[in-house]
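Colleague: What follows is a single structure, and I will ask about it in a moment.
Since every read-out is calculated from the coordinates, none of them should be taken as a lab result. Since the model is a prediction, treat every value here as computed from it, not as a measurement. As a convention, Cβ positions derive from the backbone with ideal geometry for all residues, glycine included, and neighbour counts pool all protein chains shown.
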Amino acid sequence: MNNLKYSNSVLINLTIVSIIPFLIWGPFFPDLIVSVSSLLFLFYLFKMNNFDYFNKKPFIIFLVFCIISSLISLESENISLSIKSSLFYFRIGVFSCFIWYLIERDKNILIYFYYALVLCFLALVIDGYIQFFTGISLSGFKISGNRVSSFFGDELIMGSYLSRLFPLLFALFLIKKKQKYEIYFIGVLFILVDVLIFLSGERSSFFFLNLSTVFIIILIKEYQKFRLLTFIIAIICVLVLSLNSSKLNERMFKNPAQNMGLIESPNEKVIFTPQHDSLIRTAYNMFKDQPLFGHGPKMFRVICKDKKYATGDTPCSTHPHNFYVQLLAETGILGFLFLLSALVYVMYTAFRQFKSIIFKEKRPLSDYQVCLLAGLLISVWPLTPNGNFFNNWLMIVYSLPVGFYFQSFFSKRKVKK
């Protein structure tokens, strides 16, 4: 009987961990795993009459946001389109709680997640560099204008995958028992991943990598020099590559500097790029028209066509490419406050950690928690372009470190080395 329970536990853990490689192949299977596991988890908690996982402030705030978003959808111009994205959005929060539950139930899932991340990162590194040097990946995808995408093909989101999951990988690395050879291996992997994110040509992802890395280096205690050394080596490689590739240099450094007015340019200053500037100004016009409740989740793609709001040459897309602006336009101030509160929490917690380091006090966060907080930071950072806030793939990536962070704070069984 105990063997059966153990086998079921391993099977469940491996099923959930499989979400990491499935994220490379598209949104369908990850979303299926999240939806099914969230429903089963809800059924289990109702059956056991155990709602401890849901009575914490972060989840309650998130649930209120989901309810508000759904109510706003009912008042939107296209209810069927809007309600599809908001009605079951709560499953993302439930899935984070499910991750917390699994870690609490069986610590082995931390090892499963660690090796799954290492294998996926290693596969992307091998395939990505083959694509960069030969022009075509092992999976048959051709390189697109010096931008490496590996298994993601035409969807240029490899950098997003790596940069957003990197803090989680580092967090799990810190708590794992390690041999010397493994430390060297991970050090090389970190360097190759850092450079590969640059080669992806995804400026936001490269910024997120730098932001989370600096954040981690400043606030952790162990392996600080280790990460600093790997980061410096990666930056040197990036500089060498940019000096030898005018396309990469222009895309990653010169064009953003010109757009922001940091260097002389015949063009006027814009927010991020001319395309982003147009989208953001259009979204802001939508917000001004309905500031409290917005126009409804996923309604930007519909209402941006209205001449009353459209601004610039490219006023329309599926979303305005910034979470905060999107929530202002689609959910108004009420939805915006949810994301803002998350940012305030992250910054306040980071400040407490920094203060404790300066005054040599007891640190409120472990190194493991600092890395997970770095994952939250890049999820709520306001001053970069983002994807669609209601995109399933992106939200699943964001929900993973949240589950680990919840467990590290709220569980009575703390994660130890």
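Colleague: Compute the length gained on full extension between Thr318 and Leu337: take 0.36 nm times their separation in residues and subtract their Cα-Cα distance, giving the result in nm to one decimal.
Modeller: 4.6 nm
Colleague: Now for a different question. If you take the square roots of the eigenvalues of the alpha-carbon gyration tensor of segment 292-392 and sort them as a ≥ b ≥ c, do you get rounded (a/c under 1.5), prolate (a/b over b/c) or oblate?
Modeller: It is prolate, given that a/c is not under 1.5 and a/b is the larger ratio.
Colleague: Once you order the gyration tensor axes a ≥ b ≥ c over the Cα atoms, which shape class does segment 70-197 get: rounded for a/c under 1.5, otherwise prolate or oblate by comparing a/b with b/c? Mind dumping the intermediate values first?
Modeller: Values: a/c = 3.29, a/b = 1.27, b/c = 2.60.
Since a/c reaches 1.5 but b/c is at least a/b, the shape of segment 70-197 is classed as oblate.
Colleague: Here's a follow-up. Please give the calculated 222 nm ellipticity per residue for the chain, where each DSSP H segment of at least 4 residues contributes -39500 (n - 2.57) and the sum is spread over every residue; nearest 500 deg cm²/dmol?
Modeller: Details: 18 runs with 286 residues, N = 417.
Rounded to the nearest 500, the figure is -22500 deg cm²/dmol.
Colleague: Mind putting a number on the dipole of segment 154-202 about its Cα centre? Charges go on the C-beta only, +1 for Lys and Arg and -1 for Asp and Glu, and I need it in Debye to the nearest 20.
Modeller: 500
Colleague: Separate question: Would you mind calculating the relative contact order of segment 125-170 from Cα pairs under 8 angstrom and at least 6 residues apart, reporting the percent as a whole number?
Modeller: With pairs under 8 Å counted, the relative contact order is 24 percent.
Colleague: Label-point separation (nm) for Lys254 and Ile235, each offset 7 Å from Cα along Cα-to-Cβ?
Modeller: 2.3
Colleague: Compute, for the chain, the length of the dipole vector about the Cα centre, with Cβ point charges of +1 (Lys, Arg) and -1 (Asp, Glu) only. Units Debye, rounded to 20.
Modeller: 1460
Colleague: Please give the Cα centre distance for segment 49-97 versus segment 211-258, rounded to the nearest Å.
Modeller: Here the answer is 37 Å between Cα centres.
Colleague: May I ask which residue of Ser356, Phe132, Leu239 lies farthest towards the positive end of the charge dipole of the chain, with charges of +1 (Lys, Arg) and -1 (Asp, Glu) on Cβ and the Cα centre as origin?
Modeller: Ser356
Colleague: For segment 44-134, with the dipole built from +1 on Lys and Arg beta-carbon atoms and -1 on Asp and Glu ones, taken about the Cα centre, which of Ser85, Ile68, Tyr53 lies farthest toward the positive end?
Modeller: Tyr53
Colleague: Then there is this: Pull out the extension gain between Lys56 and Arg352, defined as 0.36 nm times the separation in residues minus the alpha carbon to alpha carbon distance; nm, one decimal.
Modeller: So the chain would gain 104.5 nm between Lys56 and Arg352.
Colleague: Taking the Cα centre of segment 1-143 as origin, work out the dipole magnitude from +1 charges on Lys and Arg Cβ and -1 charges on Asp and Glu Cβ, in debye rounded to 20.
Modeller: Using Cβ point charges on Lys, Arg, Asp and Glu, segment 1-143 gives about 280 debye.
Colleague: Which of the peptides 32-40, 272-280, 138-146 is most tightly packed, and how do the rest follow, going by the mean number of other Cβ atoms within 10 Å of each residue?
Modeller: Top of the packing list down: 272-280, 32-40, 138-146.
Colleague: Just Asn388, Asn55, Asn13 to compare: in a GNM of the chain, with alpha carbon springs under 10 Å, which one fluctuates most?
Modeller: Comparing Asn388, Asn55, Asn13 in the GNM, the peak value goes to Asn55.
Colleague: Still on this structure, please answer the following. Give me the orientation-averaged projected area of the Cα convex hull of segment 98-161, in nm², one decimal.
Modeller: Computing the convex hull of the Cα atoms and averaging its projections yields 5.0 nm².
Colleague: Here is a follow-up. What number, in percent, do you get for the relative contact order of the chain if the mean sequence gap of Cα pairs under 8 Å and at least 6 apart is divided by its residue count?
Modeller: With pairs under 8 Å counted, the relative contact order is 20 percent.
Colleague: Net charge near Phe141: determine it from the other residues with C-beta under 13 Å of the C-beta of Phe141, scoring Lys and Arg +1 and Asp and Glu -1.
Modeller: -1
Colleague: For Phe409, Phe62, Phe351, what's the fewest-to-most ordering of other Cβ within 10 Å of each Cβ?
Modeller: Taking fewest neighbouring Cβ atoms as first place, the list is Phe351, Phe409, Phe62.
Colleague: Which value in nm describes the separation of the simple spin-label points at Val214 and Leu71, placed 7 Å from the Cα toward the beta carbon?
Modeller: 4.0
Colleague: I need to check one value: relative contact order of segment 250-333, counting alpha carbon pairs closer than 8 Å and at least 6 residues apart, in percent.
Modeller: Answer for segment 250-333 is 32 percent.
Colleague: Using label points projected 7 Å from each Cα along Cα→Cβ, tell me how many nm separate Leu122 and Ser245, to one decimal.
Modeller: Placing both labels 7 Å along Cα→Cβ, they lie 2.4 nm apart.
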